[in-house]
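Below: the structure, in structure tokens.
Each value in this text was obtained by applying a stated rule to the coordinates, not by laboratory testing. Since the structure is predicted, the reported quantities are computational estimates derived from the model, not experimental observations. Methodologically, a virtual Cβ is constructed for each residue, glycine included, from the backbone with ideal geometry; neighbour enumeration extends over all protein chains shown.
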Amino acid sequence: RYKVPRCLYSLLHSYVLGHDAMKRMQSSNILVSGLRGLGVEIAKNVILGGVKSVTLHDQGQAEWRDLSSQFYLREEDLGMNRAEVSQTRLAELNSYVPVVAYTEALTDDYLTQFQVVVLTNSSLEEQQRVGDFCHSNGIKLVIADTRGLFGQLFCDFGEEMLVIDTNGEQPLSAMISMITKDAAGVVTCLDEARHGFENGDSVIFTEVQGMTELNSCQPIEIKTLGPYTFSICDTTGFSDYVRGGIVSQVKMPQKVAFKSLTTSMTEPEFVVTDFAKFERPGQLHLGFQALHSYQRKHNRLPKPWCQADGEELVSLAKEVNSSQTGSAKVDELDDKLIKKLAFVSAGDLAPINAFIGGLAAQEVMKACTGKFMPMVQWLYFDALECLSEEEGGAMLTEEDCAPRNSRYDGQIAVFGSQLQEELAKQRYFLVGAGAIGCELLKNFAMIGLAGGEGEVIVTDMDTIEKSNLNRQFLFRPWDVTKMKSETAAAAVKQMNPSIRITGHQNRVGPETERVYDDDFFESLHGVANALDNVDARMYMDRRCVYYRKPLLESGTLGTKGNVQVVIPFLTESYSSSQDPPEKSIPICTLKNFPNAIEHTLQWARDELRVCFKQAVREYAKFLERTLKLPGAQPLEVLEAVYKSLVIDCPRSWADCVTWARHHWQCQYSNNIHQLLHNFPPEQLTSSGAPFWSGPKRCPHPLEFSTSNHLHMDYVMSGANLFAQSYGMQGSTDRVGVAKILDSLSVPTFVPRSGVKIHVSDQELQSANVNDDSMFQDDDSVYSVCSRMMTLTSTWTSLWLCVRTHTVALAVPVALSVTLARSLSCSLSLARSVLLSDPGSFAVLLSLSGSFCLAL
């Protein structure tokens, strides 16, 4: 009943990873060992990603401290196996990924069935045993661990990991203006845009005239010389370069070698996440080994904020350091850092698990797909900024952080009981319950936000769709069509019954300020944004600035993400800085001189808007929009509506097919014939250079054929869209459409002289500045007169059309008002014509009279 097509689970992943990478991921079996907070985060992300299968391994039972971050454990699950309890709840995330639980020891034979093994909450000895076996048997390994405010991640993907695409970005391309004949030929690109290439990139050449040897070359490695130049291979033996050419980046597979865990522990390679903490990875590398030694010695972790245990961990870390023989040895150990590691190591924080778990799951996807450069090889993270900055101030004590058999014990171990009481009183406003909103709500529930007198208010006006299920993990197939905010609130209530949460279905904006008024904002302790558009973000930012409330802002785009914390009187607001505007495509390039696939895509989007959306919208909103237009614009609107309702209005399916065929002829034949009439293929510029060179690619008119599937697809799609916009029934009968097209007579197009085609946007803007508001350069007084007399007949036809279509009386009345304003425009025009051509004044005066008669 609730079955969702597999493609909907993987659709957005396919956009990011690509079809081939998704196929590789869907053939990968994954083992996740350790189902505490970190393990369940990794398993959740991997299952949503769409792998072949996931096996959950854990031999431990649920404890009170697990409830701090294991969001699929309940209080009634205490004492039960974590893997078995979590299996049924994780399996609901994606019905296409089998999820099984395994509670026995991990033997070598058992490991051989997996492509990727993930270890969490495991001993160092277990890590080394599994690590050595995986490295020698071609099984990719990820080790993840969190200790309070600290996190650790390690990857070993074998000695020859093949990375198909290192960054996932679209390949770059550039237009060529010159190639020299040198031992290392220098390629100069057009100065319209930087080429964007980097040293070591591989490129291929196409459409090069003269030095044609490059067109058939294999990918060539380049060396960048500047933003517009780069060097290639020896070109001295090639022909002389003449003109043109396109250089395109080629994604070349790269081999990455990984060391085994045992080798890498003594010769580690670190990924630095914060250059302000450049020395910490080496220190924490020893600190985590010391923690394993402490745990092996005492069968427990250091007690929270216990000074004696902290001193002992420092001593163990010094022993580990002195025993090092490779680059892992540090000159001086940071005793304060190691002590803090000891103080908080017993903690278990949901936000830290979410961060490290997200990174670990991303590395699993890299291991399965070969897409994106994997992490080489160690990553250490800390969030010590969360602790008090006061040196020598009141320090937390063992008593403050001692376990209380509470679901928040893992958090109390780090921050103490007083902060936990404050969190329970917080009143927070979450705007949006999508992918980020679900993750925030889960973390809010786990940390105990609004777990007492406080409240979380979440608002989202959207309903759940099938395509949401692959990332918005609080929703299930049976929730489709339900409201997001209410469903998400109910889901996190199951994770933590003590959270007080209310779901709203309101859009944030001026229209809801009576709901989210002064009293509402004054009662808040903070706001979190989980929005999908900039306008709403800026609105919420303004409200938070006005009411002086903290704002947590975040967003994602594919594999990229951002977080901004806005604190009143301490940080800048969200609106204080803006992203640079996206590079726009010049109008003339789109219309007449496209040279990249992006140009054709944008042109197609504009075509769709103009043909099937704008004209219909003009008619539907005629009354509202026309009365607000200034000057002579009502005349233009009237022409557009008349064209939609009278000239182009279809009466049958055959009319729709005819329109689509004529539109194809206009766009792909007639317009190109006119363009080549104005600018013949052999035309030269004023400097003697070929006009059709560089970014200007000479087009060729197409000849329509019913045997061409692409041509028929265009006509079928265009006719159906055209019919739909007029509320008519479409058709998928290609044979019937072909018969209509065969009987259709398409007039032969003859290019017109005197048609102005602007070569650049600068030329277009100059022409617009010089044009009169009602005249074009080649318009005469009489052509304007003809246009206005046509509008007079247009009014009469439109009136009859509206009457025929039984439109409400308000529309003809609105048209009357519009024509009255048009009369004012025509009289103003007549005055300007009188000054320039007195002989034409009488003609325009009588034309104004005809407008009066029409009214």
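For this structure, a couple of remarks:
- VAL545 versus THR481: modelled label distance in nm, points set 7 Å from Cα along the beta carbon direction: 4.3
- Pairs of Cα atoms farther than 22 Å apart, the stretch 173-250, %: 8
- Separation of the CYS233 and SER467 label points, Cα + 7 Å toward Cβ, nm: 4.4
- Compactness ratio for the stretch 328-427: Cα radius of gyration over 2.2 N^0.38 Å (N = residue count) comes to 1.37.
- Extension gain for THR600 to LYS583 (0.36 nm times residue separation, less C-alpha to C-alpha distance): 4.6 nm.
- Theoretical FRET efficiency, 1/(1+(r/R0)^6), r = Cβ-Cβ of GLN418 and GLU398, R0 22 Å, to 0.05: 0.90
- One decimal place: the segment SER136-GLN324 gains 65.3 nm when fully extended, by the rule 0.36 nm per residue minus the C-alpha distance.
- Contact order relative to length of the stretch 425-576, as percent, for alpha carbon pairs under 8 angstrom and 6 or more apart: 24
- Among HIS195, HIS135, sorting on how many other beta-carbon atoms sit within 10 Å of each Cβ, with the fewest leading, yields HIS135, HIS195.
- The simple Förster model, with R0 at 51 Å and r as the Cβ-Cβ distance, assigns GLN61 and VAL563 a FRET efficiency of 0.90.
- Nonlocal Lys pairs with alpha-carbon distance under 28 Å, the stretch 425-576 (8 or more apart, or different chains): 20
- Extending 7 Å from Cα along the Cβ direction at ASP240 and again at ASN29 yields two label points whose distance is 6.6 nm.
- Near-label residues of the stretch 679-721 by backbone N, under 13 Å of a point 7 Å along Cα→Cβ of ASP742: 706-707
- Largest first, the extents of the alpha carbon coordinates of the stretch 40-106 on the three principal axes equal 32, 25, 16 Å.
- Peptides 197-205, 564-572, 49-57, 301-309 ordered by average Cβ neighbours within 10 Å, highest first: 49-57, 301-309, 197-205, 564-572
- Shown is the FRET efficiency for THR685 and LYS336, computed with R0 = 60 Å from the Cβ-Cβ distance and rounded to the nearest 0.05: 0.30.
- Fully extending the segment from ASN215 to MET252 would add 11.5 nm, taking 0.36 nm per residue of separation and subtracting the current Cα-Cα distance.
- Residues in the stretch 567-587 that a label on GLN765 would reach, taking backbone N under 15 Å of a point 7 Å out along Cα→Cβ: 584-587
- Amide H to amide H, with H built 1.01 Å from N, LEU225 comes under 5 Å of PHE230, SER231, counting only residues 5 or more places away or on other chains.
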